[in-house]
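**Student:** Below is one structure. I have some questions about it.
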Amino acid sequence: MSKKKERQEPESLGLPLGGVDSHAHLDMEPYAMGLDALFARARAAGVSHIGNVFLGAKAYLAHRDLFADRPEVFFLLAEHPNDTAGFDQERAARLFDCLRNDPRIRAVGETGLDFYWKDVDPAKQEAAFRVHLDLARQLDLPPVIHSRDAAERVLSVLDGMGFRDRPVLWHCFGQGPDLAQEILDRGWHVSIPGTVTYSKAFDLRAAVAQIPLERMVLETDCPYLAPEPWRGKQNHPALSGFTAQAVARIKGLDPAAVWLACGDTARRFFRL
């Protein structure tokens, strides 16, 4: 009987402290290892900061205290496009109050359009998206964009609302070089998830090859999208080192250099 191949642990990559997981959902579901162990492993794997994304004001108010003693965690907050069916003035006002009263919130996100799932009418999504962009502009916070099967319309809304050459981050980028160039030409940033490690992610790897590190951040989107060799398992911030390793391989660079450069980009973007 053949022996099952052991997966490499992220701590063994030897990356220095200074990486940033720019997009995690640590409040969404229990982690098998527990949050204390998760944060310890992240630090041991070189992660200095983690952006926790709250999907709505209700989730933020219920779960923000999970991170009260975690200064390495900064916050992102928005109503996810798939949750905007009932988005109204009351919910917008509550969101605004949360955004303006907590300095740990560093971005309005994830917000945007999702035409893959059919949960919410596109017109309702777009109306909520525009409100989020207005709030981002009022509060001088960058929007972090969710776009699934909706890139053309997302670009049109952002352009029409004057976000060219303003800070914008395209979350969980999974497309090819053409869209990457559209984003770069507008002065925006791109967030690379663990899917860049997947064998069939040819277009994404081609895009990564052309995105400069000063415009690139790394993310897990955990608990989803664990990179190889942990694909199919519960994702967590320590595993972002494998994403850095894949980016380094694509660009022919040292993984530690990519890790720290993308971390520096995230710190500048989120003003950490």
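**Student:** Name the residue that is farthest from residue 249 (Cα to Cα), counting only residues in the range 198-212 that are aliphatic (A, V, I, L, M) and surrounded by fewer than 17 Cβ atoms within 10 Å (Cβ to Cβ).
**Tutor:** The qualifying residue farthest from residue 249 (Cα to Cα) is 206.
**Student:** Suppose the filter is within 19 Å of residue 28 (Cβ to Cβ) and touching a helix residue (DSSP H, G or I) at 6+ places or on another chain (Cβ under 9 Å); does residue 94 pass it?
**Tutor:** No: the conditions fail for residue 94.
**Student:** If you take the residues of the range 142-166 that are of a type outside the set (A, V, I, L, M) and assigned to a helix (DSSP H, G or I), which of them is farthest from residue 208 (Cα to Cα)?
**Tutor:** Checking each candidate, the answer is 160.
Residue-by-condition table, conditions (1) at pLDDT 95 or above; (2) in contact with a strand residue (DSSP E or B) (Cβ under 6 Å, 6 or more places away or on another chain); (3) within 30 Å of residue 250 (Cα to Cα); (4) of a type outside the set (Phe, Trp, Tyr):
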| residue | (1), (2), (3), (4) |
| --- | --- |
| 124 | yes, no, no, yes |
| 147 | yes, yes, yes, yes |
| 151 | yes, no, yes, yes |
| 156 | yes, no, no, yes |
| 182 | yes, no, yes, yes |
| 196 | yes, no, yes, yes |
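**Student:** Among the residues of the range 232-260, how many are basic (Lys, Arg), over 21 Å from residue 53 (Cα atoms) and surrounded by fewer than 17 Cβ atoms within 10 Å (Cβ to Cβ)?
**Tutor:** Residues of the range 232-260 basic (Lys, Arg): 233, 249, 251.
Still in the list and also over 21 Å from residue 53 (Cα atoms): 249, 251.
Narrowing the set further to residues that are surrounded by fewer than 17 Cβ atoms within 10 Å (Cβ to Cβ) leaves 249.
Count: 1.
The values are calculated or read from the model by the stated rules, or taken from the named source; none is laboratory data. Since the structure is predicted, the reported quantities are computational estimates derived from the model, not experimental observations. No Cβ is skipped: glycine too gets one built from the backbone with ideal geometry, and neighbour counts run over all protein chains shown.
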